[in-house]
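Encoded as structure tokens, the structure appears first; notes follow it.
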Amino acid sequence: MKLETKVGLFFTGGIVLMAVLIFRTEKLEFGGKRNQSERFTYFQQVAGLNLQSAVRIAGVKVGDVRTIALEDGKARVVLGLSNEVPVYADAVVSLGSIGILGEKFIDLDPGHSAKGPFPEGKPLPSKAGVSLDNLMETLSEIGTNVKGVTQALNQSIGGEQGRQKLDEIVDNIRVLTAEFRSMAQENHGAINHTMANVEALSSDLRDKLPKLAQQFEAVGKNLNAILEENRPELKGVVGDVRKLAQSFQGTADNLKILTDRVNKGEGTIGKLLNDESTVKKINEAVDNVNNMLGGFNKMDFRLDMNAAQWEKRKDSRVGLGIEIAPRPDYWYSLGFASTPDGKLSESSRLVTQLDPITGQPVTVVERTKTVTTDQAFTASAQFAKRLGPAIFSAGIVENKGGGGVELRLLDDDRLRFGVLAYDFTKRDDKPNPRYRFTSSYQFWKGAYIQAGVQDIGNKDLRTIFFGGGLRWKDDDLKKMVGLAGAAK
């Protein structure tokens, strides 16, 4: 083999060995990102964490740190994880270190499979780990507290005054022990006397207990003698008890006969309890009461107080409405209002004018129309049926026959549009039926604003209006109606 060939093989082997060392040192892997998936998370601080730092589960490396960047004051860390590592919805990451001064790594808790997979594109939740900085901060706080304690002790017992205090404490302890010793010596005789009394009592009991046992035995013999002497009387008492038991047995037999008659339907009580028609009527009455109470509980009472300014007639309309709703899809509506009702009147007069063609004076009739306002109290009573967002109503509208359609939109029917038609009689002061367009929007709780047009079909009476009101449910009114029905 030539020298050039040997040198080339040597350099080729060196390059391969260097490449292997670089891949091992820099923790590079063949295949790149094809065998990994990326996740990202945020930390308050990542001091000591570097690119290519390990991602571990239970201490086993499952990936590495791809990028570390600052985003909105937090550290955004992108992790490359092996595709074989599942990440679930309750996964969490933290910053850990190998030992106190060891390298930093990302500790991954993959979560539990029952929670389902972690969604793509969302950051992994993170929590702060225990770092050397936190430990040093804690130790610093402990040192500060210890320093404060020592300063307090130094102020309390330091110097000549503190030494005097310690001497006083030692002297007090010495005096206290001496007093205890003298107290024990003074009461030594009393203690011995007490022990002697206890010993004498125990000896007395030892002597008297056999005598007490003999006395109890004598009492037992006397009781036996008394029983033997009074045995005939005891027999009579037992006989009386037996008779009483027989009386109880007769009473029980009578009760059994009575219950048998009731079960057979005999007598008034038996017929009442066993007659199926009576039981059926009682059950029907109970069902009716339950239905009535259940109906009142399900019924809604909705109140509406409103006011509006009628622009053309320079007057206002004030109204009160009540909706009695047995079910959500239909209800009965009652309304009372003070309305500035408009009336059309026409007057005529003779006026002399010059004819524009001949120039001669001629007499012509001049007609004028005026609208007068009459504040009237009106009542309304309608039946309303709901089909989806549309509500159809018919009945009496402001003392006249009529009906309407209303659309209720958004949550809690906050946005409403409606058309009302009524008063179909034809008069000189009102040639066409009365049409009213209304709209309202509930902007806060029960408060709403409203606007619309009145008398759309009558040009001379037509006017716009605007105003507001309050709507609410009244449970107290429902309770009063229920009580009134129950009282009847």
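The values are calculated or read from the model by the stated rules, or taken from the named source; none is laboratory data. Quantities reported herein were computed from a predicted structural model and do not represent experimental measurements. As a convention, Cβ positions derive from the backbone with ideal geometry for all residues, glycine included, and neighbour counts pool all protein chains shown.
Residues in the stretch 409-451 that are surrounded by 15 or more Cβ atoms within 10 Å (Cβ to Cβ) and at positive phi were compared, and the one that is nearest to the chain's Cα centre (by Cα) is 413.
Would you check which residues across the stretch 117-143 are in a helix (DSSP H, G or I) and modelled with pLDDT under 80 and list them?
From the stretch 117-143, those in a helix (DSSP H, G or I) are 132-143; that's our starting set.
Once the filter is applied, which keeps residues that are in a helix (DSSP H, G or I) and modelled with pLDDT under 80, the stretch 117-143 yields 132, 133, 134, 135, 136, 137, 138, 139.
Residues that are under 30 Å from residue 463 (Cα atoms) and in a loop (DSSP other than H, G, I, E, B) were ranked within the stretch 298-334; the one that is modelled with the highest pLDDT is 311.
Within the stretch 68-98, can you find the residues that are buried (at least 17 other Cβ atoms within 10 Å of the Cβ) and in a loop (DSSP other than H, G, I, E, B)? 87, 91 - these are the residues of the stretch 68-98 that are buried (at least 17 other Cβ atoms within 10 Å of the Cβ) and in a loop (DSSP other than H, G, I, E, B).
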